[in-house]
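Readers should treat all values here as calculations from the given coordinates under stated rules, not as data from a laboratory. Bear in mind that the values here come from a model prediction, so they are computed numbers and not experimental data. So basically every Cβ, Gly included, is an ideal-geometry build from the backbone, and we count neighbours across all protein chains shown.
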């Protein structure tokens, strides 16, 4: 799988000729709605055939070095008994490079509805280890408000993706610090909550729980740790995994309502794995910038790997971007766009897509029909490739996506190509 960045004057046909693949393959893999219309800067994934025609004077040793394989692997893939006997014009199959095995998770917002949720999950669950159902809302008495997710759970299990119950302190107004405190202040409420969750998880065939308590009061940090210490053995004894989602911290000294109560060393010691929410640097209410700039993501990882075992870290990746009206000012709200929507908009506006080499993220400017300037930051094949290489370089457990339902075919093609995905069901 190769990533090709469209240049001025190129068409899908000329690109297909360059790589020796069909136009239909490129169109299907990238889900191009208007393949006759490309703009410079679109990143396409190309299914490059792993074949090589032997040239005069070439040996298996030279060819193996060119493709990063070995003479033995090359000979075995082509049933060559004597590696010294190759001839000009011979067509060789190049063996695929071995890829690391990781876990992959993705959150589903169950508010999309049962039918839509099941369809979204069915489309991508084959490439996922887990599908996390967002969310089960804790109540002050330890009861739980459940979403209508039975169809999505069934769809996940049909593709051998383990469903995870996502427990949140979420209300109609958003994450509630007071609600988290009501739970963390009472061992009786926690006992009731755990029993309620275990009953739900057995009934709905979940394989684990992901606890996503956000905006916990800083002074409740140790109470949160204590809750996790009490809950973890209960879930494990019942045969369930337990994980948490935490804010992107760059050091133990980082404070604030979003950060302080998320104790990286404690979570790393207590739970089975930790999802780092390494996104939302660029967010709907903030100034325009990349959603998950790789330089910032790596700052979080540099701290995380010192206090959490690497085989417990899942790195967060966004499946979306934002479109900001300019100039940005307080009160400006960006609209969310999927990567495919971002590409579609660039084509409609006939603007080139640029790439920030520090953030390793694509962006572009355009002016709408009312004369309003905009900037769009989003993810593409290049930005996720950099993130996948980061997972490999840091030796992490895997990746976690927020959020399903955003069109991004290049991501799933690359994920399948760059990793082996672990399955538990």
Fill in: DSSP beta bridge pairing in the chain, given as percent antiparallel to the nearest 5
40 percent
Practice prompt. Give the peptides 404-410, 118-124, 329-335, 10-16 in descending order of average Cβ contacts within 10 Å, highest first.
Written response: 404-410, 118-124, 10-16, 329-335
Discussion item. Please report the antiparallel percentage of the DSSP beta bridges confined to the range 1-156, to the nearest 5.
Written reply: 65 percent
Item to complete: Would you calculate the separation in nanometres between label points at residue 392 and residue 283, each defined as 7 Å from the Cα along the Cα-to-beta-carbon direction?
Response: 3.2 nm
Fill in: Where labels lie 7 Å past Cα in the beta-carbon direction, separation of residue 23 and residue 348 in nm
2.5 nm
Discussion item. Please report the antiparallel percentage of DSSP beta bridges with both residues in the range 101-277, rounded to the nearest 5.
Written reply: 15 percent
Worksheet item: Among 355, 388, what is the fewest-to-most ranking by other Cβ atoms within 10 Å?
Response: 355, 388
Worksheet item: Under the classification rounded if a/c is under 1.5, otherwise prolate if a/b is larger than b/c and oblate if not, where does the range 1-143 fall, given a ≥ b ≥ c as square roots of the Cα gyration tensor eigenvalues?
Response: oblate
Practice prompt. Kindly list the residues of the range 35-78 that lie in the label zone of residue 87, defined by a backbone N under 20 Å from the point 7 Å along the Cα-to-C-beta vector.
Written response: 52-63, 75-78
Worksheet item: What's the center-to-center distance, using Cα atoms, between the range 19-73 and the range 330-387 in Å?
Response: 27 Å
Worksheet item: So, in nm, how far is label residue 172 from label residue 80 when the simple model puts each one 7 Å beyond its Cα toward the Cβ?
Response: 7.0 nm
Worksheet item: Listing 227, 419 from the residue with the fewest other Cβ atoms within 10 Å to the one with the most, what is the order?
Response: 419, 227
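Give me the number: length gained by fully extending residue 422 to residue 357, i.e. 0.36 nm times residue separation minus the C-alpha to C-alpha distance, one decimal in nm. Walk me through the numbers before you get to the answer.
Details: separation 65, 0.36 × 65 = 23.40 nm, distance 3.17 nm.
Result: 20.2 nm gained on full extension.
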Practice prompt. Quick one: angle between helix 409-418 and the longest Cα principal axis of the chain, in degrees between 0 and 90, rounded to 10, please.
Written response: 80 degrees
Worksheet, complete the sentence: If N is the residue count of the range 1-70, its Cα Rg over 2.2 N^0.38 Å rounds to 1.35
Discussion item. Which of the three applies to the range 282-381, rounded, prolate or oblate, going by the alpha-carbon gyration tensor with a ≥ b ≥ c and a/c under 1.5 meaning rounded?
Written reply: prolate
Worksheet item: With a 10 Å Cβ neighbour count serving as the proxy for reagent exposure, in which order, fewest first, do 91, 277, 133 appear?
Response: 91, 277, 133
Worksheet entry | Förster radius 22 Å - calculated FRET efficiency between residue 97 and residue 310, Cβ distance, rounded to 0.05 | 0.50
Practice prompt. Quick one: P(r) of the range 145-259 from all Cα-Cα pairs, 5 Å bins, percents rounded to integers, in order of increasing distance.
Written response: 2, 10, 20, 22, 19, 14, 8, 3, 0
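Can you compute the FRET efficiency between residue 150 and residue 5 using 1/(1 + (r/R0)^6), with r the Cβ-Cβ distance and R0 = 45 Å? Round to the nearest 0.05. Walk me through the numbers on the way to the answer.
On the way: r = 43 Å, r/R0 = 0.95.
Calculated transfer efficiency: 0.60.
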Item to complete: Calculate, in whole percent, how much of the Cα-Cα pair population of the range 56-95 lies beyond 17 Å.
Response: 14 percent
Fill in: Fully extended contour minus Cα-Cα distance, from residue 72 to residue 229, at 0.36 nm per residue
51.5 nm
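Can you classify the range 87-231 as rounded, prolate or oblate using the Cα gyration tensor, where a ≥ b ≥ c are the square roots of its eigenvalues, rounded means a/c under 1.5, and otherwise it's prolate if a/b beats b/c and oblate if not?
Details: a/c = 2.84, a/b = 2.07, b/c = 1.37.
Prolate shape, in that a/c is at least 1.5 and a/b is the bigger ratio.
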Practice prompt. Take every Cα pair under 8 Å in the chain that's 6+ residues apart, average their separations, divide by the length, and report that relative contact order as a whole percent.
Written response: 17 percent
Worksheet entry | Alpha-carbon centroids, the range 231-298 and the range 154-192: separation in whole Å | 15 Å
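Give the value in nm², to one decimal: projected area of the alpha carbon convex hull of the chain, averaged over all directions.
Approximately 23.5 nm², given one-decimal rounding.
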Discussion item. Just to confirm the number: angle between the C-alpha axis of helix 381-394 and the first principal axis of the chain, 0 to 90 degrees, nearest 10?
Written reply: 70 degrees
